[in-house]
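Novice: My questions all concern the structure below.
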Amino acid sequence: MTDVSNSGKLGEPLERLDGPAKVTGTARYAFEQPVDDPLYLHPLQADIARGRVVRIDTSPAEALSGVHTVLTHENAESLSSRVDVELAVLQSPEIGYRGQVIGAVVADTQEIAAHAAGLVEVTYERHPHDTVFRSDDEIVYTPDGSNPMIGEDLDRGDVDEALAAAEYAVDATYTTPAEYNNPMEPHATIAVWESAELTLYDSNQGSYTVRDMIAPTLGMDPQRVHVFAPHVGGGFGSKGVPHAHVMLAALAARKLEGRPVKCALSRRQMFSLVGYRPPTRQRVRLGADSAGRLTATEHSALEQTARVKEYAEQSASAARNMYVSANRRITNELAVLDVPVPTWMRAPGEAGGMYALETAMDEMALTCGVDPVEFRVRNEPERAPESGLPFSSRNLVSCLRQGAEMFGWNDRDPEPGVRRENGWLSGTGVAAATFPSFSIPGSKATIGYEPGGYYRVEIGAVDLGTGSRTALSQIAAEALEVPVEAVRLHLGSTEQPRASIAGGSSGTASWGSTIVQAAREFRAEHGAEPAEGAETTAEAAANPAAGEYAMNAYGAQFAEVAVNADSGEIRVPRMLGVFAAGRIVNARTARSQFLGGMTMGLSMALHEHGVLDGRFGHVVNHDLAGYHVAGNADVGSVEVSWLDEHDPHVNPMGIKGIGEIGIVGVAAAIGNAARHATGIRVRELPLTPEKFLI
Amino acid sequence: MDAEITLRVDGQRRTLSVDTRTTLLDALRERMGVTSPKKGCDHGQCGACTVLLDGRRATSCLTFAVANDDSEVVTAEGLAEDERPHPVQQAFLDNDGFQCGYCTPGQICSAVGMLDEVKAGWPSHVTEDLDEPPELDDEEIRERMSGNLCRCGAYANIVSAIREAAE
Ligand code: FES
Ligand code: FES
């Protein structure tokens, strides 16, 4: 295997190739693709949390000039597959959660469609609903496994006995609320139906995923479904799979053949239709010996799921492998409710789970009287605790040590509540971060040599804004041993060869490995001086090291906070993240990804909280005024650093995914810092002011 | 009800008839094909739709097109001259002040408008001395740019970009 990890192009801070188009706004996103004479679709949503539609009177809406159709369960076509309830729209009058799609108006303009939607009269039969997240037996069950493919609960040794015998013990319960992905670009689709072919200009995290899920639902040959996602305004997991609006647009386009149908969800509609991070309640019990070594670890997580479709977040999964502990119990349960379907949100599992675990680690460090950095170093495992496999690379300790040095941690006075200036209490905190290094097999790439002397590289991947377009061009240039200017990369649609989803921080690793393989085969077939028109398509070889090593990225998050002693207001003037995530492909875009993750982590720590009203089953603060995401003035100095890590096993480039690890551990670091500032331990996100006024 | 209006958009005079319920943002995007301003919320809560309206930054989703007859609209696309990026755009490129780019045209129009406001001596919520011309430090930039959300979390880079462009 050629080792491409040692030459110059990887790592260079190449400017984003789509930068000029983005700063001028000329990069066209899904809803902005030019189509002739479009119609506009406005979804109708259920106003009750459970029951059925007994009557839906669309006639006043249909009477409005400019309305072409109103789709409902009474007139929608019967779908070929109803396996995915989110996609099987309008197949019955049943309502499983508030905000569920019960129809759609299609009209000449958005204004007419919105007006007509308000004229549709719906009569419901209401059934009792249950939407309040809690740990009551009647709604709790143990799922067969958790996202992404985590098996059953783990029980090693004897946790109860070890806890009883432990010198030090911590037993605490942490809660995290429902959090909403809220990419800035709302989910949008344009569906065009022409001669039995469906074209979707769609904002998504994988055009092939959309094709693979939409085609069978419509009973179509996948080859007849064409999906384009040229530019995507963020997804953070919520665009990982297609949601109801894509099907609505497709059904409307099929019905009204000849006119493209445009559908963009409103910010409010997104709160019930595109997923969210489910609320969790997590109990962590830790036991340690007199030397500050963990002897027992128990992490029991409970997350919300929807009655209409299971989503099992894996909040306790990181605790399987994070630290030493001879006795270990990891359990995951779900509370099933009449609520919208949760989904992936940046670092699903780790983001919420590491908040709990890393807060508990801080509590235990204090209990043992050991510095929190030192305490983590003391509990560093040599091999992956669950599987016993060696780590392909694990540099958590170096991240902690380097971060401590950079942050000025080493002179820290551990005493809480003593640093007070102008009415503000300040403190510092630390937490560890981890995220698995996934690679998804099965992607293909084509490389062709074109007139003009450049290499055309095609892969049906997608750039959510992470910089894949730029990073993959660099990887291709490296693998082909040509300057990056000689590479023209094409991605973002099913017109290119099949590629895996942009999710689980797997994109650059999976697609990059594929491009490297294609480059090798291209050179083997066509040599260093190929003829014009030379072309090779290849699929990445399976990683021979998979299954022999535990592969994860690591990081250390440091935060300084200030809490107002009178108002409880909490500010984060300074954050530092140090990461060990393999080879960094592009220093500029990588830094932005870490920075973005950390900023979203700050937002999670301080602001984000979807408030569900149990009486009606809806999120009360369902817009960007009520659901606050961090704004510019919420963010202070954010420093990002990484180690020069060489991992010979993860993939031929030695890279690990970096899209998600940046958010992991931030909320714990901030909460731990707030405890250092005030002496108050808050175990409930978000860390809002009233929680510091006791 | 429809009404005929004339707008100057990025230097071009355009006359069109609009539904009186159509926002300026939708008139630009759906009627005129000017998609540089983005729709992130349609409620004045995110800033993605920010344009310069008669020279001042404005959220174009919060104003009806018909109310802006004879106005001058400049979008991020119109800020670039002859393919050359505006200094604020160049600073965003140099500082990687974005990821997905969806908030970016709004951020850039907002920054251009904001810099003019500072030049005109307008104070902000964090300006200490109301008698002196405001000094554009990082805290001022953060405060004045807080109407523009960025879910990709590029704020730290946006602040560096604007600081650089202001120099
Ligand atoms: S779209 Fe106008 S402020 Fe959000
Ligand atoms: S760059 Fe994506 S929202 Fe700002």
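The values are calculated or read from the model by the stated rules, or taken from the named source; none is laboratory data. In this text the structure is predicted, and so the values were computed from the model without any measurement. Using ideal geometry, Cβ is built from the backbone for each residue, glycine included, and neighbour counts are taken over all protein chains shown.
Novice: Identify, from the list A:V457, A:V482, the residue that is crowded, with 24+ Cβ neighbours inside 10 Å, of a type in the set (A, V, I, L, M) and on the phi < 0 side of the Ramachandran plot.
Specialist: A:V457
Matching residues to (1) within 16 Å of ligand 1 (Cβ to nearest atom); (2) crowded, with 21+ Cβ neighbours inside 10 Å; (3) at pLDDT below 95:
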| residue | (1), (2), (3) |
| --- | --- |
| A:E12 | no, no, yes |
| A:G19 | no, yes, no |
| A:K22 | no, yes, no |
| A:E32 | yes, yes, no |
| A:D36 | no, no, no |
| A:L39 | no, yes, no |
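Novice: Among the listed residues A:T331, A:T297, identify the single one that is assigned to a strand (DSSP E or B) and touching a His at 6+ places or on another chain (Cβ under 9 Å).
Specialist: Values: A:T297 fails: touching a His at 6+ places or on another chain (Cβ under 9 Å).
When all the criteria are applied, what remains is A:T331.
Novice: As an exercise: evaluate A:V101 against (1) within 14 Å of chain B (Cβ to nearest Cβ); (2) in contact with a Leu (Cβ under 8 Å, 6 or more places away or on another chain) and give the number of the one condition it does not meet.
Specialist: Here A:V101 clears every test but (1).
Novice: Can we say A:A502 is under 30 Å from A:G631 (Cβ atoms) and not assigned by TED's automatic domain parsing to the domain that holds A:G659? Lay out the reasoning, then the answer.
Specialist: Numbers: under 30 Å from A:G631 (Cβ atoms): yes; not assigned by TED's automatic domain parsing to the domain that holds A:G659: yes.
It is true that A:A502 is under 30 Å from A:G631 (Cβ atoms) and not assigned by TED's automatic domain parsing to the domain that holds A:G659.
Novice: Against the condition within 14 Å of another protein chain (Cβ to nearest Cβ), among the acidic types (D, E) and in contact with a Ser or Thr (Cβ under 6 Å, 6 or more places away or on another chain), how does A:E15 come out, does it pass? Working first, answer last.
Specialist: Details: within 14 Å of another protein chain (Cβ to nearest Cβ): yes; among the acidic types (D, E): yes; in contact with a Ser or Thr (Cβ under 6 Å, 6 or more places away or on another chain): no.
No, not satisfied.
Novice: Among the residues of segment B:121-145, write down those that are facing chain A (nearest Cβ under 9 Å) and under 18 Å from the mean Cα position of the chain (by Cα).
Specialist: Once the filter is applied, which keeps residues that are facing chain A (nearest Cβ under 9 Å) and under 18 Å from the mean Cα position of the chain (by Cα), segment B:121-145 yields B:I141, B:R142, B:E143, B:R144, B:M145.
Novice: Just need a number here: residues in segment B:72-90 that are in contact (Cβ under 8 Å) with a residue 60 or more places away in the chain and surrounded by 24 or more Cβ atoms within 10 Å (Cβ to Cβ).
Specialist: Pass one, segment B:72-90, residues in contact (Cβ under 8 Å) with a residue 60 or more places away in the chain: B:72-75, B:77-78, B:87-88, B:90.
When the remaining residues are screened for being surrounded by 24 or more Cβ atoms within 10 Å (Cβ to Cβ), the result is B:73, B:75, B:88.
So the answer is 3.
Novice: Scan segment A:618-634 and give yes if some residue there is away from every other protein chain (no Cβ under 14 Å) and buried (at least 19 other Cβ atoms within 10 Å of the Cβ), otherwise no.
Specialist: Yes, some residue in segment A:618-634 is away from every other protein chain (no Cβ under 14 Å) and buried (at least 19 other Cβ atoms within 10 Å of the Cβ).
Novice: How many residues does segment A:606-654 contain that are in a strand (DSSP E or B) and on the phi > 0 side of the Ramachandran plot? Explain how you work it out, then say what you get.
Specialist: Going residue by residue through segment A:606-654, those that are in a strand (DSSP E or B) are A:610, A:612-613, A:618-619, A:637-642.
After this cut, where a residue has to be on the phi > 0 side of the Ramachandran plot as well, the list is none.
Selection size over segment A:606-654: 0.
Novice: Determine whether B:V73 is more than 16 Å from ligand 2 (Cβ to nearest atom), under 29 Å from A:D623 (Cβ atoms) and more than 13 Å from the chain's Cα centre (by Cα).
Specialist: Values: more than 16 Å from ligand 2 (Cβ to nearest atom): yes; under 29 Å from A:D623 (Cβ atoms): yes; more than 13 Å from the chain's Cα centre (by Cα): no.
When the stated conditions are applied, B:V73 does not pass them.
Novice: Here is a follow-up. So which residues in segment A:526-544 are over 27 Å from A:G453 (Cβ atoms) and among the hydrophobic types (A, V, I, L, M, F, W, C), if there are any at all?
Specialist: Residues of segment A:526-544 that are over 27 Å from A:G453 (Cβ atoms), as a first pass: A:541-544.
Within segment A:526-544, A:A541, A:A542 meet the criteria.
Novice: Report yes if some residue within segment B:110-121 is in a loop (DSSP other than H, G, I, E, B) and surrounded by fewer than 24 Cβ atoms within 10 Å (Cβ to Cβ); otherwise report no. Step through it out loud before you land on a result.
Specialist: Looking only at segment B:110-121, we keep the residues that are in a loop (DSSP other than H, G, I, E, B), and these are B:120-121.
If we keep only those that are surrounded by fewer than 24 Cβ atoms within 10 Å (Cβ to Cβ) as well, we get B:120-121.
Yes, there is a match, as at least one residue in segment B:110-121 is in a loop (DSSP other than H, G, I, E, B) and surrounded by fewer than 24 Cβ atoms within 10 Å (Cβ to Cβ).
Novice: Follow-up. Taking the conditions exactly as written (within 22 Å of A:V611 (Cα to Cα) and surrounded by fewer than 22 Cβ atoms within 10 Å (Cβ to Cβ)), does A:T173 satisfy them or not? Walk me through it before giving the result.
Specialist: On the way: within 22 Å of A:V611 (Cα to Cα): yes; surrounded by fewer than 22 Cβ atoms within 10 Å (Cβ to Cβ): yes.
Answer is yes for this residue.
Novice: State whether the residues of segment A:49-63 include one that is touching a residue at least 60 places away in the same chain (Cβ under 8 Å), within 11 Å of chain B (Cβ to nearest Cβ) and either assigned to a loop (DSSP other than H, G, I, E, B) or farther than 20 Å from A:R259 by Cα (or both). Break it down into steps so the answer makes sense when it comes.
Specialist: So the first thing to find is which residues in segment A:49-63 are touching a residue at least 60 places away in the same chain (Cβ under 8 Å), and the list is A:49-58, A:60.
Narrowing the set further to residues that are within 11 Å of chain B (Cβ to nearest Cβ) leaves none.
No, because not a single residue in segment A:49-63 is touching a residue at least 60 places away in the same chain (Cβ under 8 Å), within 11 Å of chain B (Cβ to nearest Cβ) and either assigned to a loop (DSSP other than H, G, I, E, B) or farther than 20 Å from A:R259 by Cα (or both).
Novice: Here are the criteria: (1) closer than 25 Å to A:V629 by Cα; (2) under 15 Å from the mean Cα position of the chain (by Cα); (3) surrounded by fewer than 24 Cβ atoms within 10 Å (Cβ to Cβ). Tell me which single one B:L93 does not satisfy.
Specialist: Looking at each condition in turn, B:L93 falls short on (2).
Novice: Here's something else I'd like to know. Considering segment A:532-571 alone, what residues qualify as being surrounded by fewer than 14 Cβ atoms within 10 Å (Cβ to Cβ), modelled with pLDDT of 95 or more and on the phi > 0 side of the Ramachandran plot?
Specialist: A:G533
Novice: Please give the strands (runs of 3 or more DSSP E) falling wholly within segment A:467-565 in which 2 or more residues are more than 20 Å from A:L14 (Cβ to Cβ).
Specialist: Numbers: elements: A:487-490, A:535-539, A:550-564.
Filter on segment A:467-565 gives A:535-539, A:550-564.
Novice: It is to be established whether one or more residues within segment B:105-114 are within 16 Å of ligand 2 (Cβ to nearest atom) and either modelled with pLDDT under 95 or over 13 Å from the mean Cα position of the chain (by Cα) (or both). Full working, then the answer.
Specialist: Of all residues in segment B:105-114, those within 16 Å of ligand 2 (Cβ to nearest atom) come to B:105-111.
Those still in the list that are either modelled with pLDDT under 95 or over 13 Å from the mean Cα position of the chain (by Cα) (or both) too: none.
Checked against the condition, which is being within 16 Å of ligand 2 (Cβ to nearest atom) and either modelled with pLDDT under 95 or over 13 Å from the mean Cα position of the chain (by Cα) (or both), segment B:105-114 yields no hits at all.
Novice: In segment A:77-132, how many are part of a strand (DSSP E or B) and within 33 Å of the chain's Cα centre (by Cα)?
Specialist: Going residue by residue through segment A:77-132, those that are part of a strand (DSSP E or B) are A:94-95, A:101-107, A:121-126.
From what's left, within 33 Å of the chain's Cα centre (by Cα): A:94-95, A:101-106.
Total satisfying the criteria: 8.
Novice: Might you let me know whether segment B:10-17 holds any residue that is within 16 Å of ligand 1 (Cβ to nearest atom), charged (D, E, K, R) and assigned to a loop (DSSP other than H, G, I, E, B)?
Specialist: Let us first name the residues in segment B:10-17 that are within 16 Å of ligand 1 (Cβ to nearest atom), namely none.
Taking every residue of segment B:10-17 in turn, none turns out to be within 16 Å of ligand 1 (Cβ to nearest atom), charged (D, E, K, R) and assigned to a loop (DSSP other than H, G, I, E, B).
Novice: Restricting to segment A:411-447, name every residue that is in contact (Cβ under 8 Å) with a residue 12 or more places away in the chain and at positive phi.
Specialist: Taking segment A:411-447 as the starting set, the residues that turn out to be in contact (Cβ under 8 Å) with a residue 12 or more places away in the chain are A:412, A:414, A:416-417, A:419-420, A:423-447.
Those that are in contact (Cβ under 8 Å) with a residue 12 or more places away in the chain and at positive phi: A:G417, A:G423, A:G442.
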